[in-house]
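Data block below; observations after.
No lab work stands behind these numbers, since they all come straight from the coordinates. Everything numeric here is computed off the predicted structure, so don't read it as measured data. Please note: Cβ atoms are built from the backbone with ideal geometry, for glycine as well, and neighbour counts cover all protein chains shown.
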Amino acid sequence: MKINKNHQQKKTIIRILGILSLTVGIILTIISITDIISPPSTSFFMEQEKSRAGLGFIGLPLIFIGSALTFSGYMGEVARYQAQEMAPVKKDVFNYMADGTKEGIKTITKSIFEGLNGESLCPQCHTKNDADAKFCDNCGKKIITTKECPYCNVKNDSDARYCDNCGERI
């Protein structure tokens, strides 16, 4: 796979910014948490010191931004790894499904082939007859290949219940 040099540089910058942002965010959040957890100082000189608990408000968004950038920077590698891991499973599932549906596919294929060859079934005894047969070879019943709609006079399949043209019940 050919990757544009400019694209590779942008991806590297996103990765570095992501890891830096994530690291700074984690450090600021740890400082904030330790300041909140630690006991207050009793020294006169420490009373003037400001609380660092507010650093968590900077650290947590930096963790989020760093995580998003890092994920974006490594997204292609993760996707390729997942595809390599899933491909054998997908292949096994496909083969299992193909084995399970083989007989159904053969039946459908046979039906299509018979339809293309122009064979028709007798409506009475379901015997196969030639496409141009007017009467059944087995029982002698008349073979109707089409029905005419009484409303619009369009020919429909013999087993149609509704007209293909006007939608009325035949």
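Here are some notes:
- The 3J(HN,Hα) values that the Karplus relation (6.51, -1.76, 1.60; θ = phi - 60°) gives for the range 61-74 are, in residue order, x, 5, 5, 4, 4, x, 5, 5, 5, 5, 4, 4, x, 10 Hz. Gly and Pro appear as x.
- Two-site FRET efficiency, ILE30 against TYR74, from Cβ-Cβ distance with R₀ of 22 Å, rounded to 0.05: 0.35
- Near ALA133, no amide H atom lies under 5 Å from its own; only residues 5 or more places off or on other chains count, and H is placed 1.01 Å from N.
- Label positions at LYS91 and THR107, each projected 7 Å from the Cα along the C-beta direction, are separated by 3.1 nm.
- The length gained by stretching the chain between LYS10 and ASN138 to full extension, at 0.36 nm per residue less their Cα-Cα distance, is 38.4 nm.
- Taking label points 7 Å from Cα along the Cα-to-Cβ direction, SER51 and LEU20 give a separation of 3.2 nm.
- Given 10 as the ceiling on other Cβ atoms within 10 Å, longest exposed-site-free region of the chain for trypsin sites (Lys or Arg not before Pro) in DSSP loops: 51-133
- Only one item in (1) 37.7, 117; (2) 15.3, 53; (3) 15.2, 42 matches Rg and Dmax of the Cα atoms in Å derived from the coordinates shown, and that item is (1).
- Computed E for PHE64/ALA98 - FRET, C-beta separation, R0 41 angstrom, nearest 0.05: 0.35
- Under 24 Å from LYS110, Cα to Cα: lysines that are on another chain or at least 8 residues apart: LYS102, LYS128, LYS134
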